[in-house]
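The values are calculated or read from the model by the stated rules, or taken from the named source; none is laboratory data. Everything numeric in this text was worked out from a predicted model, so none of it was measured. FYI the Cβ positions are ideal-geometry reconstructions off the backbone, even for glycines, and counts take in every protein chain you see.
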Amino acid sequence: MARGRIPSASRSRSPSSERRYSRSHSRSPQRLANRRSLTPDYVQLTDADAAFILGKGGKTKEKIGRVSGATLELPQRSLKLEITGEPEARRRAKKYVECVMAQRVGDVIVDESDPHFEKDCTIVPVPTECCGFVTGTNGAFLRMVEQEYGTIMFFVHLKGESERDRRGEERLAIFGERRARRGAELKVMAAIESRLEGHLTEHIEEHTSDSEDWGTDIVRLKMDEVSWALGKKGATRKKLARASGCIVEYVGNCVHMSGTRRERETAGEDLGW
């Protein structure tokens, strides 16, 4: 009895079918999306823009990259800034670059109706008489806050806002992640309060947030307790923040603790030693 040929369990693809498979696979929605997410964005600069974007020793470019999560490259003898990274990171980086370029020649305009505004930016009203103090010599205070919390900050005008609307205040825009923005905001508020005692604390009340994910608890101390709670050069405050993972800042005699419920509770317990 003749033996029949046993069918192969799997058949090899012909060259043409392999090519069809390769083409269809490379065109899959996921691969196309991944390819688009890796496509760089470019910003054309002037010579003056390039110098401003780089900053001293490349620090401004590095700061934009750190805060946005994107990578910025400006090849030598080129005025085309390359921005790579995830789409959201590239969008943020382009926004910050635009702000730096606008700052060089005039006012930085921020649009509150921008759909990304709330998750990208926090606005702090700064009394006009405090602007120099909050900025610091040659911007030293703002740069220190940016470095500590990983933010980038600009004095801005809100789109459509008149001089009358500002009522003797300037707008400080803080860009970065939510936690970073909150820390920088509180640090600026503390500076304002130290310059204009009572300006903020007159309107601050004790508060305990009921949010698990994110919130701020506020405890008002007696004035003679503040120096003890701060410690020498703020050492006790920094220790509380490190131990709890919570943002801890003092606006006058009001302790602000921002973070998750667990972080806030830990900071509050440590504060009550």
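Computed values, structure above
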{"quantity": "Residue satisfying condition, being surrounded by 19 or more Cβ atoms within 10 Å (Cβ to Cβ) and of a type outside the set (Ser, Thr, Tyr), within set 118, 146", "calculated": "146"}
{"quantity": "Checking residue 171 against (1) surrounded by 17 or more Cβ atoms within 10 Å (Cβ to Cβ); (2) part of a helix (DSSP H, G or I); (3) of a type in the set (D, E, K, R), the condition it does not meet", "calculated": "(2)"}
{"quantity": "Output for region 92-151, where each listed residue is under 20 Å from residue 53 (Cα atoms), among the basic types (Lys, Arg) and either within 19 Å of the chain's Cα centre (by Cα) or in a loop (DSSP other than H, G, I, E, B) (or both)", "calculated": "92, 94, 95, 143"}
{"quantity": "Tally of residues being hydrophobic (A, V, I, L, M, F, W, C) and assigned to a helix (DSSP H, G or I) across region 79-91", "calculated": "1"}
{"quantity": "Among the residues listed as 105, 124, the single one being of a type in the set (Val, Ile, Thr) and touching a residue at least 12 places away in the same chain (Cβ under 8 Å)", "calculated": "124"}
{"quantity": "Residue match in region 58-78 (condition: assigned to a helix (DSSP H, G or I) and over 24 Å from residue 179 (Cβ atoms))", "calculated": "yes"}
{"quantity": "Top-ranked residue in region 225-271 [being free of Cβ contacts under 8 Å to residues at least 24 places away in the same chain and not in a helix (DSSP H, G or I); ranked as surrounded by the most Cβ atoms within 10 Å (Cβ to Cβ)]", "calculated": "248"}
{"quantity": "Hits in region 181-227 (condition: in contact with a Cys (Cβ under 9 Å, 6 or more places away or on another chain) and closer than 22 Å to residue 67 by Cβ)", "calculated": "181, 191"}
{"quantity": "Failed item, numbered, when residue 126 is tested on (1) of a type outside the set (Phe, Trp, Tyr); (2) within 23 Å of residue 266 (Cβ to Cβ); (3) touching a helix residue (DSSP H, G or I) at 6+ places or on another chain (Cβ under 9 Å); (4) surrounded by 15 or more Cβ atoms within 10 Å (Cβ to Cβ)", "calculated": "(2)"}
{"quantity": "Residue within region 8-22 that is modelled with pLDDT of 60 or more and exposed (fewer than 11 other Cβ atoms within 10 Å of the Cβ) present", "calculated": "no"}
{"quantity": "Residue check, residue 58 modelled with pLDDT of 95 or more and on the phi > 0 side of the Ramachandran plot", "calculated": "no"}
{"quantity": "Residue list for region 213-240, restricted to those being within 15 Å of residue 267 (Cα to Cα) and among the aliphatic types (A, V, I, L, M)", "calculated": "218, 219, 221, 229, 230, 235, 240"}
{"quantity": "Matching residues in region 211-224 - criterion: being more than 25 Å from the chain's Cα centre (by Cα), outside any helix (DSSP H, G or I) and surrounded by fewer than 13 Cβ atoms within 10 Å (Cβ to Cβ)", "calculated": "222"}
